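The values are calculated or read from the model by the stated rules, or taken from the named source; none is laboratory data. Since we're looking at a predicted model, the values are computed, not measured. For neighbour counting, all protein chains shown are included, and Cβ atoms are generated from backbone atoms with ideal geometry for every residue, glycine included. Remember, those area values only see protein heavy atoms, side chains included, never the ligands or the DNA or RNA. Shrake-Rupley method; radii C 1.70, N 1.55, O 1.52, S 1.80 Å.
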Amino acid sequence: DVQITITNTDGVIPSVSGWSSFAGTGNGDDAVHTATITYSADGDYVFAISYADLAGNINTAANYGNSLAPEQFTIDKTLPLINVTYDNNSVQNDNYYNAVRTATISITEHNFDAGRYTITLAASDDGVEKTAPSIGGWSNNGDIDTASVQFTDDGYYSMNMSYTDMAGNQAVQFTQQT
């Protein structure tokens, strides 16, 4: 008579297992029944539970104790992935390009937040520090978010980037020098 409803945006629904009961005293109003649900797959979950006893009495509320976000929460164990590609790979002398070069930065992350990346761009010319280009705005295509950086001026450039998702998973830091 326990009605448990679980949804997951990624489709994997955990099972309810390990039911145990403690009879309590008297008429059974203090009986305790316990089950386990292990949320092991990534996804945005919604959980609901209700119960009607043999007399038809329906619970009015669920007691979640000190649980944080017991009814709606996200499991995210997947590490974000940073990928950088360039439109100009015509290198001369191991490090020189004779035309503009654009870096396209892609972060694969289901719950992307543009405020959670850190990028350090540095530029110099003949050893003198100069203003580095800035990253463009982010665009989204499903779980892949992209932005670009254009290297238009003469100079030696370096780019370091990291990303930490909302669950605290860190992508491997990206370091590139051009």
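Figures for the structure shown
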item: Pairs, first free of Cβ contacts under 8 Å to residues at least 24 places away in the same chain in segment 41-58, second open to solvent by less than 50 Å² (accessible area, probe 1.4 Å) and not in a loop (DSSP other than H, G, I, E, B), C-beta under 7 Å, six or more apart; result: Ile58/Ser50; Ile58/Ala52
item: Residue count for segment 87-125, restricted to those that are under 17 Å from Asp154 (Cα atoms) and in contact (Cβ under 8 Å) with a residue 24 or more places away in the chain; result: 11
item: Selection count, segment 116-155, where residues are in a strand (DSSP E or B) and among the acidic types (Asp, Glu); result: 3
item: Hits in segment 24-39 - residues which are surrounded by 10 or more Cβ atoms within 10 Å (Cβ to Cβ) and not charged (D, E, K, R); result: Gly24, Gly28, Ala31, His33, Ala35, Thr36, Ile37, Thr38, Tyr39
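Here's the yes/no breakdown for (1) open to solvent by 30 Å² or more (accessible area, probe 1.4 Å); (2) over 16 Å from the mean Cα position of the chain (by Cα):
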{"site": "Val91", "(1), (2)": "yes, yes"}
{"site": "Tyr97", "(1), (2)": "yes, yes"}
{"site": "Ala103", "(1), (2)": "no, yes"}
{"site": "Ile107", "(1), (2)": "no, no"}
{"site": "Asp113", "(1), (2)": "yes, no"}
{"site": "Leu121", "(1), (2)": "yes, yes"}
{"site": "Gly137", "(1), (2)": "yes, yes"}
{"site": "Phe151", "(1), (2)": "no, yes"}
